[in-house]
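Input: a single structure, listed below in structure tokens.
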Amino acid sequence: LLELMADPTFYINEDVSSDAVAEHAKLKQRLAAAEEEWFLLTEELEELQTAVADHSNVEEELGDALFALVSLARQLDIDPEKALHRATDKFISRFAAMESLAGRDLASLNAAEWRALWQRAKTLTCSE
């Protein structure tokens, strides 16, 4: 039974009798596909980590990880371009909050100060 449940086609029933059952079947199929994309992303991130540690094929492995991220986003019905724009805007906003909170040049902060300030900036900008 577990093997059947692991098969994404297990949840597809072409002979469904109600809209709710049909929607459930579609959702289970999408979740199974997203789970596969998540597995591939995890694999690509591990390969990227190894490439960075070995100083080899970093660009290729980063490209593979980005490709897997875009595939996962699409599987989850998320526009990857829009998501990246929003993340960039959020980062810019948080960075500006850090600069405002720091009261000094950010380059003068040590790692612990940077992390603490980043957390404060995240709290201030969390609604964005």
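The values are calculated or read from the model by the stated rules, or taken from the named source; none is laboratory data. Predicted, not measured: the structure shown is a model, and the values here were computed from it. Cβ coordinates were reconstructed from backbone atoms using ideal geometry, including for glycine residues, and neighbour counts include every protein chain displayed. Heads up: the accessible areas ignore ligands, DNA and RNA and are worked out on the full protein's heavy atoms, side chains in. Shrake-Rupley method; radii C 1.70, N 1.55, O 1.52, S 1.80 Å.
Considering every Cα-Cα pair within the range 11-128, what fraction, in whole percent, is farther apart than 22 Å?
61
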Listed residue (Ala83, Leu124, Ser93) projecting farthest to the positive dipole end of the range 77-128, Cβ model: Leu124
Too-long pairs where the Cα-Cα distance tops 27 Å, listed order kept, from Lys82/Lys122; Lys26/Lys90; Lys26/Lys82: Lys26/Lys90
Share of pairwise Cα separations in the range 33-84, more than 14 Å, in percent: 51
Share of carbon and sulfur in the accessible heavy-atom surface of the range 51-128 [1.4 Å probe, %]: 57
Solvent-accessible heavy-atom area per residue, rounded to whole Å², over the range 50-128 at 1.4 Å: 73
Gain on full stretching of the segment that runs from Ala112 to Glu35 - 0.36 nm per residue minus C-alpha separation: 24.2 nm
